[in-house]
1. Could you tell me the convex hull volume per residue, in Å³, taken over the Cα atoms of the range 41-82?
2. Tell me which residues come under 5 Å, amide H to amide H, from residue 41 once H is placed; ignore anything under 5 positions away on its chain.
3. Just to confirm a number: summing +1 for Lys and Arg and -1 for Asp and Glu over residues other than residue 57 whose beta-carbon lies under 12 angstrom from that of residue 57, what do you get?
4. Tell me the Kirkwood radius of the range 116-161: reciprocal of the mean inverse pair distance over distinct alpha-carbon atoms, in Å.
5. Using the basic label-point model (7 angstrom from Cα toward the beta carbon), what is the residue 125 to residue 150 distance in nanometres?
6. Starting from the eigenvalues of the Cα gyration tensor, five times each then square-rooted, give me the equivalent ellipsoid semi-axes of the range 19-88, largest first, whole Å.
7. Taking the square root of 5 times each eigenvalue of the Cα gyration tensor, what semi-axes in Å does the equivalent ellipsoid of the range 37-129 have, largest first?
8. When only the heavy atoms of the protein chains count and the probe is 1.4 Å, how do 70, 142 rank by accessible area, highest first?
Amino acid sequence: MSDYFDAFEMGPVTERGLKAVAPEVFRGIYAMPMFVTVPTSDLAASTDFWVRRFGFIELFSVPGQMVHLRRWVFQDVLLVPAAAGDVAPEVPAMSVSFMCVLSQIDPLVEACSDLVPGSVAGPRDTPWRTRDVEVTTPEGARVVFTAALEFDPDSQEARDLASVGIVAPGSAEEGNNDVHD
């Protein structure tokens, strides 16, 4: 697995844990390398939820046809009208994840739980050192916000990652990105 390298500095947040600071909402126009399209029966209500609860902005809209929401750079969501008669599945099979910082997790849980009781699962800590919270939106989308926890390069988590070929920067194994048995 020699193709892996430390590239944490490529993202909008270069710190992990409590030192991480959220970047400003990005208002520029770019060719979106990835985006999510969410069908909704109520564009106005969905826009309100995503803006007030998740911290997105309405970048622009085409009345009655589409609302382009944006949070950080490359975190784009297009809300579009659902086809007549479409019903959101009880438990959506797919989810979408957005990076956030630890200081945003608790306020997000509180805001979403207040508006739609029972819509929030978590937060929960993962073996790869993130804290995740999952929210089911009014239109039935499963949205996961994930924040990087502090990482100890000499921890069990680092050893577990190294066992599958992902070597943490600053660890005793750093520089050895060969395939691991």
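1. Normalising the Cα hull of the range 41-82 by residue number yields 58 Å³.
2. Amide H neighbours of residue 41: 82.
3. On the way: positive: 27, 52, 70, 71; negative: 24, 58, 76.
So the environment of residue 57 carries a net charge of +1.
4. Working: mean 1/r = 0.0837 Å⁻¹.
It is 11.9 Å.
5. About 1.1 nm separates the two model spin labels.
6. 23, 13, 11
7. Working: eigenvalues 113, 55, 35 Å².
Working from the Cα gyration tensor, I get semi-axes of 24, 17, 13 Å.
8. 142, 70
The values are calculated or read from the model by the stated rules, or taken from the named source; none is laboratory data. Worth saying up front: this structure is predicted, and the values here are computed from it rather than measured. Here Cβ is always computed from backbone atoms with ideal geometry, including for glycine, and neighbour counts include all displayed protein chains. We work out accessible area using only protein heavy atoms, side chains counted, and drop any ligands, DNA or RNA first. Shrake-Rupley method; radii C 1.70, N 1.55, O 1.52, S 1.80 Å.
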